[in-house]
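S.K.: Can you keep this structure in mind? I'll have questions shortly.
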Amino acid sequence: MANENESGAQSPSLNILAQYTKDLSFENPGAPRSLQSRDKAPAININVNVNANPLSETDFDVVLTLNVDAKDGDKVVFAAELVYGGVFRVTGFPQEHMLPVLFIECPRLLFPFARQIVADVTRNGGFPPLMIDPIDFAQMFTQRMAQEKAKAQVQPLNS
């Protein structure tokens with residue numbers, strides 16, 4: 001009787017069943033000129049998104065999307081997009097903890113692998129490896145929940 005406590009209830013468990021690269025794109029539109037040394041570093045913008053979809057009652061597909069662009073003024077120096085996913089088995093958590101597990105803990109486990117892929121692809125593109133700073137997925141989740149709540153409050157009334 002794995003994962004059961006004395007009362008017979010299942011203790012919380014989070015397992016990674018699989019990890020995968022769903023989409024990876026790297027663009028270096030100005031090569032080889034973009035590889036020349038420059039006076040200042042390009043401005044780097046990173047967008048992060050997390051989505052989760054149920055596959056079964058206990059299994060979930062969690063996808064971490066990282067969009068990176070580096071610009072010098074209005075010129076794109078490089079752009080990268082990574083869609084990195086994991087299949088997680090989540091059991092024994094109370095229902096009210098499921099969203100935080102899926103949108104905080106799961107991407108936290110995926111992030112180091114996604115970060116390494118982005119570092120490798122930028123290095124292989126001829127640039128210094130881009131080491132993305134750690135991401136506060138708890139803060140992202142809190143902001144997203146606040147946005148969802150605000151959207152729900154301003155839904156137009158259909159008469």
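The values are calculated or read from the model by the stated rules, or taken from the named source; none is laboratory data. As the structure is a prediction and not an experimental result, all values here were calculated from the model. Note: ideal-geometry Cβ built from the backbone for every residue, glycine included; neighbour counts use all protein chains shown.
S.K.: ASN53 versus (1) within 22 Å of THR142 (Cα to Cα); (2) surrounded by 14 or more Cβ atoms within 10 Å (Cβ to Cβ): which is the lone unmet condition?
M.R.: The number of the failed condition is (2).
S.K.: Now for a different question. Take residues that are free of Cβ contacts under 8 Å to residues at least 24 places away in the same chain and tell me which of the strands (runs of 3 or more DSSP E) falling wholly in the range 1-100 contain 1 or more.
M.R.: Details: elements: 13-27, 43-54, 59-72, 75-91.
Where strands (runs of 3 or more DSSP E) fall fully within the range 1-100 and carry at least 1 residues being free of Cβ contacts under 8 Å to residues at least 24 places away in the same chain, they are 43-54, 59-72.
S.K.: Further, regarding this structure: Report, by residue number, each residue of the range 24-43 that is of a type outside the set (D, E, K, R) and modelled with pLDDT of 95 or more.
M.R.: Matches in the range 24-43: LEU24, SER25, PHE26.
S.K.: Here is a further query. For the range 15-36, state whether one or more residues are β-branched (Val, Ile, Thr), in contact with a strand residue (DSSP E or B) (Cβ under 8 Å, 6 or more places away or on another chain) and surrounded by 16 or more Cβ atoms within 10 Å (Cβ to Cβ). Outline the logic, then answer.
M.R.: Keep residues of the range 15-36 that are β-branched (Val, Ile, Thr), which gives 16, 21.
Those left that are additionally in contact with a strand residue (DSSP E or B) (Cβ under 8 Å, 6 or more places away or on another chain): 16, 21.
Among the residues that remain, those that are also surrounded by 16 or more Cβ atoms within 10 Å (Cβ to Cβ) are: none.
Checking the range 15-36: not a single residue is β-branched (Val, Ile, Thr), in contact with a strand residue (DSSP E or B) (Cβ under 8 Å, 6 or more places away or on another chain) and surrounded by 16 or more Cβ atoms within 10 Å (Cβ to Cβ).
S.K.: Another question, if that's okay. Criterion first (modelled with pLDDT of 95 or more, in contact with an Asp or Glu (Cβ under 9 Å, 6 or more places away or on another chain) and over 23 Å from PRO12 (Cβ atoms)) does VAL68 satisfy it?
M.R.: yes
S.K.: Does at least one position in the range 131-141 carry a residue that is under 20 Å from LEU24 (Cβ atoms) and either in contact with an Asp or Glu (Cβ under 9 Å, 6 or more places away or on another chain) or not β-branched (Val, Ile, Thr) (or both)?
M.R.: Yes, because at least one residue in the range 131-141 is under 20 Å from LEU24 (Cβ atoms) and either in contact with an Asp or Glu (Cβ under 9 Å, 6 or more places away or on another chain) or not β-branched (Val, Ile, Thr) (or both).
Yes/no matrix, rows are residues, columns are (1) of a type in the set (D, E, K, R); (2) at pLDDT 95 or above; (3) over 22 Å from the mean Cα position of the chain (by Cα):
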position	(1), (2), (3)
GLU4	yes, no, yes
ALA9	no, no, yes
ILE46	no, yes, no
ASN49	no, yes, no
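S.K.: Could you tell me how many of the residues in the range 117-155 are more than 19 Å from GLY85 (Cα to Cα) and not in a loop (DSSP other than H, G, I, E, B)?
M.R.: 16
S.K.: Then there's this: For the range 73-85, give me the residue count where each residue is over 13 Å from ASN28 (Cα atoms) and more than 22 Å from the chain's Cα centre (by Cα). Steps first, answer last, please.
M.R.: Of all residues in the range 73-85, those over 13 Å from ASN28 (Cα atoms) come to 73-74, 82-85.
The next check asks that each one be more than 22 Å from the chain's Cα centre (by Cα); those that pass are 73-74.
Residues meeting the conditions: 2.
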